[in-house]
1. Restricting attention to region 140-179, which residues are hydroxyl-bearing (Ser, Thr, Tyr), at pLDDT 85 or above and open to solvent by 10 Å² or more (accessible area, probe 1.4 Å)?
2. Checking Leu47 against (1) more than 26 Å from Thr142 (Cβ to Cβ); (2) surrounded by 21 or more Cβ atoms within 10 Å (Cβ to Cβ), only one condition comes out false. Which one?
3. List the residue pairs whose Cβ atoms are under 6 Å apart, where the first residue sits in region 50-68 and is in a helix (DSSP H, G or I), the second is of a type outside the set (A, V, I, L, M) and modelled with pLDDT of 80 or more, and the two are 6 or more positions apart or on different chains.
4. Checking the conditions here, which among Trp54, Trp34, Trp29 is aromatic (Phe, Trp, Tyr), modelled with pLDDT of 85 or more and open to solvent by 40 Å² or more (accessible area, probe 1.4 Å)?
5. Looking at (1) open to solvent by 30 Å² or more (accessible area, probe 1.4 Å); (2) modelled with pLDDT of 85 or more; (3) closer than 18 Å to Leu174 by Cβ; (4) out of contact with any Leu (no Cβ under 8 Å at 6 or more places or on another chain), which is the one condition that is false for Gln102?
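The values are calculated or read from the model by the stated rules, or taken from the named source; none is laboratory data. Since we're looking at a predicted model, the values are computed, not measured. Neighbour counts are summed over all protein chains in view; Cβ atoms, including those assigned to glycine, are modelled from backbone coordinates with ideal geometry. These accessible areas exclude ligands, DNA and RNA; they are computed on the full protein's heavy atoms, side chains included. Shrake-Rupley method; radii C 1.70, N 1.55, O 1.52, S 1.80 Å.
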Amino acid sequence: MLVIFGATVAQMAIVGAVVWLVYQTHAWWSYLLWYLVVLFLSICWVLYPLQSMWKKMLWPVSTAMLVGSIVVAGSALLCLPTSVFMTVYSVLMASLTASMIQTMVNYQRSLHDPETRNLTWREHILPQIRSMAQPMVAVIPTLFAGMLLGGISVLDSLIVVLLLTAAAFVSNVLSGVVALLILSKTSKTSEKS
């Protein structure tokens, strides 16, 4: 409990410092710093349940989260003004992190369960897609309501919400596929040697 509490406090201190810096400067490098901080924290949270295998999972998880974050950040920058990039990117990364945790935990379980050991990558990805829907059900209506309250028209808000939902779906599936492909290649390599 103390370790988790300490990690949470440290994370909030880092996030608070970067948020303050971004809002003070509004410079491109501060938004890049926010992107990297959120990406780093997301990778750490995905690896946290996999502590016994974190060395094996570090490369696949980091690569997968980087690919997913590029899709999410790029979509947020294309759809929305820079002033709201931090918020939207962070929310979509929270969804991606939750679904990647589910995929990696399922993969880890499959290594120890003979019945699920020979699952295809599609069967590994399905729980991730299902778990993605849960945070998105709460996130997307809130985002839509926020845009309406901010004075954006209903049609424009709807288009942005649909584009961000599609981007979240693509980033979730793509990151899961990338992680599982890297893991399957590394396991085949280790079996040969």
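1. Ser153 - this is the single residue of region 140-179 that is hydroxyl-bearing (Ser, Thr, Tyr), at pLDDT 85 or above and open to solvent by 10 Å² or more (accessible area, probe 1.4 Å).
2. With respect to (1) more than 26 Å from Thr142 (Cβ to Cβ); (2) surrounded by 21 or more Cβ atoms within 10 Å (Cβ to Cβ), Leu47 is out only on (2).
3. Ala64/Ser175; Met65/Ser42; Val67/Ser175; Gly68/Ser171; Gly68/Ser175
4. Step by step, each of Trp54, Trp34, Trp29 is checked, and only Trp29 is aromatic (Phe, Trp, Tyr), modelled with pLDDT of 85 or more and open to solvent by 40 Å² or more (accessible area, probe 1.4 Å).
5. Here Gln102 meets the rest and fails (2).
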